[in-house]
Amino acid sequence: MIPSVLPTYNRAPLHFVKGEGCWLTEEDGRRFLDLGAGIAVNALGHANPDLVAALTEQANRLWHVSNLYEIPQQQALADKLVAETFADTVFFTNSGTEACELAVKMARKYWYEKGQPEKTTILTFEGCFHGRSSAAIAASGAEKMVKGFAPLLPGFRTLPWADHEALNAAVEDETVGAILIEPVQGEGGVRPVPDQCLKGLRKLCDEKGILLIFDEVQCGMGRTGRLFAHEWAGVTPDIMMSAKGIGGGFPLGAVLATEEAASGMVAGTHGSTYGGNPLGCAVGLKVMQIMTAPGFLEGVSARAGFLRQKLEGLVAAHPDVFEGVRGSGLILGLRCKRAPADVVKAGYAALVITVPAADNIVRLLPPLTITEAEIEEAVKRLDAAATALETQPA
Ligand SMILES: *Cc1c(COP(=O)(O)O)cnc(C)c1O
């Protein structure tokens, strides 16, 4: 008999009942250190008091009105995002996949309005993840996501990872209107795109007249030690997707764009019932205020450096379990010699939560507020997990 919850997830038998900072409490009382943060969502920790206050204050006043009316919280958050980024304008969604939908629509509408409606092709890269909508799975092209869901939305072409020749050949196709890329691949296995490559992509897009879209749903919002990961490379996109950390745990996403890239999206071309609602935007504004306060991002980088150094030690101590560390800031991947699912499971037994990814990676995406003491404790628990694995047959 089918479970009452549609069984699209293989869930761990863990029932968390309370969260506080980097800690999650299970129904049975066990306290776990959370290095997953709901997949990079609880960027400021569980039950962050400032976010709880922003949410409850708004909840007591007004939950929902519809985008038929002006929403001051939405305006304030858009103003803040525009002030802190490359963007001139923002549309709010409830999730990353909805942001992907709009990014695709915006790029195609741009070329349509420019009188080049043939420029519908969007190039993506192997291992990418942009969500689970029909557009987002077509963008990924990965067999495990698209199989059985044909006909797919046409107009996407997935290129091999880090293959400059394939990219240079692909952009000769006159129908290419946009390139969509995660500056750090998340689900694909925490693979950062080198700064020179992001610079090269920007240059290529400028030369060929192609829109550059960054998906910063997972790697953005402070996770790499800058507000958005692409800032390290000193380049800006035309369109950017955000979600996950932007709401700190409240469902919120956004598409940020330059005035030029957004020029086709006039009244009536897109909409969302819940997108940009007062609750989400009140929380999102507080998240932005905290992350852009002096010293916050520097603190993330310092903690990230400390964690990375500890992880290098962990890898060296367990060469039969781990192969190396990669990533950027507090989006880190432990490359495993054992099945990542087994490493994650051993972590549960040692009361530390991690998240598997492709390419034999176990992801570490802790709240950005994790302390040095918590990092030490987390790595101690990972060490215990690895030790337990070493005594088990592979
Ligand atoms: C999670 C994720 C998405 C999809 O976001 P949802 O909120 O799950 O729809 C898109 N892109 C990237 C890079 C992601 O990590």
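The values are calculated or read from the model by the stated rules, or taken from the named source; none is laboratory data. Please read these numbers as outputs of a predicted model, since none were measured by experiment. Here the Cβ positions follow ideal geometry from the backbone for every residue, glycine too, while neighbour counts run over all protein chains shown. These area figures cover heavy atoms from the full protein model, side chains too; ligands, DNA and RNA do not enter into them. Shrake-Rupley method; radii C 1.70, N 1.55, O 1.52, S 1.80 Å.
Result for the chain in a Gaussian network model with C-alpha springs under 10 Å: among Ser301, Ser140, Ser66, the largest mean-square fluctuation is at Ser66. Treating r as the C-beta distance of Asp79 and Asn10 and R0 as 45 Å, the FRET efficiency rounds to 0.60.
Rg over Rh for the chain works out to 0.97, using Cα positions for both radii and the Kirkwood form for Rh. For the residue pairs Lys345/Lys380; Lys114/Lys203; Lys119/Lys199, alpha carbon separations beyond 19 Å are given by Lys114/Lys203; Lys119/Lys199.
Using θ = phi - 60° in the Karplus curve 6.51 cos²θ - 1.76 cosθ + 1.60, the 3J(HN,Hα) couplings for the stretch 19-36 round to x, 8, x, 8, 10, 10, 9, 7, 3, 7, x, 5, 10, 9, 8, 9, 9, x Hz; x is entered for Gly and Pro. Can you give me the % of accessible surface on the stretch 73-187 that is carbon or sulfur? Probe 1.4 Å, all protein chains present, nothing else counted. Carbon and sulfur atoms account for 52 percent of the accessible area of the stretch 73-187. What's the angle, to the nearest 10 degrees (0 to 90), between helix 296-317's Cα axis and the longest principal axis of the chain? The helix 296-317 is inclined about 50 degrees to the chain.
Couplings for the stretch 375-383, taken from phi via the Karplus curve 6.51 cos²θ - 1.76 cosθ + 1.60 with θ = phi - 60°, read 4, 4, 5, 4, 5, 4, 5, 5, 4 Hz in order; Gly and Pro are left as x.
For the stretch 49-292, averaging the sequence separation of C-alpha pairs within contact (under 8 Å, six or more residues apart) and dividing by the residue count gives a relative contact order of 31 percent.
For Arg132, the residues whose amide H sits under 5 Å from its own are Thr97, ignoring neighbours fewer than 5 places away on the same chain, with H placed 1.01 Å from N. Over the stretch 208-252, calculate the relative contact order: mean separation of alpha carbon pairs under 8 Å at least 6 apart, over the residue count, as a percent. Relative contact order here is 43 percent.
Ordering Leu365, Ala349, Pro319 by Cα displacement along the dipole of the stretch 246-394 toward the positive end leaves Ala349 in first place; charges were set at the Cβ atoms of Lys, Arg (+1) and Asp, Glu (-1).
Using 0.36 nm per residue and subtracting the Cα-Cα separation, the extra length available between Asp320 and Glu372 on full extension is 16.1 nm. Multiplying the residue separation of Thr25 and Ala170 by 0.36 nm and removing their Cα-Cα distance gives an extension gain of 47.2 nm.
Rolling a 1.4 Å probe over the protein heavy atoms leaves Met145 with an accessible area of roughly 10 Å².
A cut-off of 5 Å between modelled amide H atoms, ignoring neighbours fewer than 5 places along the same chain, links Gln185 with Arg191, Val193.
Within the accessible surface of the stretch 203-351, defined with a 1.4 Å probe on protein heavy atoms only, the carbon and sulfur portion equals 54 percent.
Probing with 1.4 Å while keeping every protein chain in the model, the per residue accessible area of the chain equals 45 Å². Length gained on full extension, Arg132 to Glu57, computed as 0.36 nm times the residue gap minus the Cα-Cα distance: 23.7 nm.
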